[in-house]
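The values are calculated or read from the model by the stated rules, or taken from the named source; none is laboratory data. Fair warning: this is a prediction, and the values are worked out from it, not measured in the lab. Cβ atoms come from the backbone with ideal geometry, glycine included; neighbour counts cover every protein chain shown. SASA here: full protein model, heavy atoms, side chains in, ligands and nucleic acids out. Shrake-Rupley method; radii C 1.70, N 1.55, O 1.52, S 1.80 Å.
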2 protein chains.
Amino acid sequence: MSAAKEILERLAGCPLPEWHLVEPSLRRKTLESGETLFLSGMACPYVYFVETGIIKMIYETCDGDAWVKAFAAEDRFFTSLAALLPGGVTSFSAVAACPASVESLPYHLLDQLGDKHPQWQRALRKGFELYGFRKEARERDLLTLSAEERYQRFIEEYPHIAERVTDRDIAGYVRVTPVALSRIKARIKLRQMEEKDAS
Amino acid sequence: MSAAKEILERLAGCPLPEWHLVEPSLRRKTLESGETLFLSGMACPYVYFVETGIIKMIYETCDGDAWVKAFAAEDRFFTSLAALLPGGVTSFSAVAACPASVESLPYHLLDQLGDKHPQWQRALRKGFELYGFRKEARERDLLTLSAEERYQRFIEEYPHIAERVTDRDIAGYVRVTPVALSRIKARIKLRQMEEKDAS
DNA sequence: ACCGCTCATTAACTCAGGTTAACTCTGACC
DNA sequence: GGTCAGAGTTAACCTGAGTTAATGAGCGGT
């Protein structure tokens, strides 16, 4: 059973017809930690499915900083929306945050199956919906939370990711420098000690 | 010709069949500046189409701050994705940033028409796609740009909005306080003066 | 004309975060 | 075992943004 099939059928909420049509286009790729899956600015009309490991999606700025847009761990799918549009290119890079293996499918194939079968159409719609939903949450966090709150929320919400990636990458996600993250962690620890002493 | 029809057909790229079915459900509402269209946390499974004016979507934090998620001006549609899911509620409030008039359609109706006609399905898919695309751009700006850069980009990208809303709202969008925005503007003006003097 | 209101600006102060650099720890490799 | 590179921590200094408060401009209502 491929990760792609499992993820897509979970989205559809039912078995997907004509899976044999996608089988030949399914590619699996294993990545070492730090290895690049795709670079920003490339044509890359694929949807990716994480089998094992963690992929980080990063925006690189002209002065060399790299900010983490999102992590995708086991059983997640991801893609660059911008790259799915005809003639489009990726707007970020995807890099393994630890050893990982991913599957990929060309989007045009999913698109075709969507036109043929309502079950596929449903999977795609749900996929876009979920994507939008996650982006909305991320946007809200970036707008309304302080750096410290973003860090706290991240380790609460994604503990299984937090313990497997470097603090450097967590800092990139929280949108602070590694030095600042270290200070934030020290501040939190200090407060916890004080609370213990008080009680 | 309603704004909703115009916007949806532009998304579909073709005329939409059975428009007479949506006509009876189309509601128009005019809002004064500062009037609320819907509040965060409400059931609100509608898609809105801006006919005239500007609507701001805001996140309110528990300590009373209001951050602007996005503006929607003439010929834009918007909705709270979270509120479209069955049993879902809005995750932000929508308020008129200047006198405005909007149309609304219940999402379930669009959903039904999507199941009946590929043209409608296409309009919805394109709608979600566009929504995701915009969210992606906003996320990137918040992650990779400084406050000053976000301000500059905003007035370059949306000059027709920038000149019609208060600096207070622009500050909320740029994610700084009005005081900080005023300083940023002063800084930019100062630099422009210096450049003129030098040349 | 006057009042009261909101908005924008400016200044003074505080503080969180960026920058740089030194230091430690760990693990990989020879 | 020795060495080297990368990750994380800590300190010192600087900058930009939040906070508070005072001031002025514009506007609607009386």
Inset, instruction - Provide the per-residue ³J(HN,Hα) series for region B:76-93, in order, calculated from phi with Karplus coefficients 6.51, -1.76, 1.60 and θ = phi - 60°, each as a whole number of Hz, with x at glycine and proline positions. - result: 10, 10, 7, 6, 9, 3, 4, 7, 7, 5, x, x, x, 10, 5, 9, 8, 9
Inset, instruction - Mind listing the label-point distances from residue A:130 to the same position on all other copies, shortest first, one decimal in nm, points 7 Å along Cα→Cβ? - result: 2.6
Inset, instruction - Taking amide H positions as placed in the peptide plane 1.01 Å from N, state which residues far from residue B:101 in sequence (5 or more) or on other chains have amide H under 5 Å from it. - result: B:31, B:51, B:52, B:53
Inset, instruction - Any chance you could give the angle, 0 to 90 degrees and rounded to 10, that helix A:178-198 forms with the longest Cα principal axis of chain A? - result: 60
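Please give the FRET efficiency for residue B:153 paired with residue A:20, using the beta carbon to beta carbon distance and R0 = 30 Å, rounded to the nearest 0.05. Spell out each step's value before the answer.
On the way: r = 47 Å, r/R0 = 1.58.
With R0 = 30 Å, the Cβ-Cβ based efficiency is 0.05.
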Legend entry - Translational D in µm²/s for chain B (Stokes-Einstein at 25 °C, 0.890 mPa s, Kirkwood Rh from C-alpha pairs): 134
Legend entry - Positive dipole terminus of chain A, leading residue within A:173, A:95, A:34 (C-beta point charges): A:173
Inset, instruction - Find the relative contact order for region A:1-111 and round it to a whole percent, using C-alpha pairs within less than 8 Å whose residues are 6+ positions apart. - result: 39
Inset, instruction - Could you pull the accessible area for residue A:120 with a 1.4 Å probe, rounded to 10 Å²? - result: 0
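Greater than 23 Å separation of Cα atoms is the criterion. Which listed pairs, A:135/B:189; A:116/B:126; A:56/B:126; A:5/B:116; A:126/B:116; A:185/B:185, meet it?
Values: A:135/B:189 34 Å; A:116/B:126 18 Å; A:56/B:126 27 Å; A:5/B:116 27 Å; A:126/B:116 18 Å; A:185/B:185 34 Å.
Violating the 23 Å limit, Cα to Cα: A:135/B:189; A:56/B:126; A:5/B:116; A:185/B:185.
In deg cm²/dmol and to the nearest 500, what is the mean residue ellipticity at 222 nm of chain B if only DSSP H runs of at least 4 residues count, each as -39500 (n - 2.57), divided by the residue total?
Details: 8 runs with 95 residues, N = 199.
Calculated from helices alone, the mean residue ellipticity at 222 nm is -15000 deg cm²/dmol.
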Inset, instruction - Every other copy gets compared here: list the nm distances from the residue A:147 label point (7 Å along Cα to Cβ) to its counterparts, shortest first, one decimal. - result: 1.3
Inset, instruction - In Å and from the alpha-carbon atoms only, list the Rg and Dmax of region A:69-120. - result: 13.2, 38
Legend entry - For residue A:2, inter-copy label distances in nm, listed shortest first [label point 7 Å out on the Cα-Cβ vector]: 4.3
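Suppose every Lys and Arg Cβ carries +1 and every Asp and Glu Cβ carries -1, with no other charges. What dipole size does region B:3-144 come out with about its Cα centre, to the nearest 20 debye?
Dipole magnitude for region B:3-144 comes out near 320 debye.
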Inset, instruction - Would you check the accessible area of residue A:75, probe 1.4 Å, heavy atoms only, in square angstrom rounded to 10? - result: 70
Legend entry - Mean separation of Cα contacts under 8 Å (6+ apart) over length of chain B, as relative contact order %: 24
Inset, instruction - At 25 °C and 0.890 mPa s, grab the translational diffusion coefficient of the protein assembly as shown from Stokes-Einstein with a Kirkwood Rh over Cα pairs, rounded to a whole number in µm² per second. - result: 106
Inset, instruction - Pop the C-beta distance of residue A:167 and residue B:27 into the FRET formula with R0 = 56 Å and round what comes out to the nearest 0.05. - result: 0.65
Inset, instruction - Please give the average number of partner chain Cβ atoms lying within 10 Å of the Cβ of each residue in B:138-148, rounded to a whole number. - result: 5
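Based on the Cβ-Cβ distance from residue A:36 to residue A:101, what FRET efficiency comes out when R0 is 22 Å, to the nearest 0.05? The partial results should precede the final answer.
Working: r = 15 Å, r/R0 = 0.67.
In this case the efficiency is close to 0.90.
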Legend entry - Surface/4 of the Cα convex hull for region A:145-199, nm²: 4.0
Inset, instruction - Pop out the ³J(HN,Hα) list for region B:33-40 in order, Karplus 6.51 cos²θ - 1.76 cosθ + 1.60 with θ = phi - 60°, rounded to Hz; leave Gly and Pro as x. - result: 4, x, 6, 8, 8, 8, 9, 4
Legend entry - Degrees between helix B:118-144 axis and first principal axis of chain B (Cα, 0 to 90, nearest 10): 20
Inset, instruction - Calculate the mean, over all residues of peptide B:59-65, of how many other protein chain Cβ atoms lie within 10 angstrom of the residue's Cβ. - result: 2
Legend entry - Cβ neighbours within 10 Å from other chains - mean over B:118-126: 2
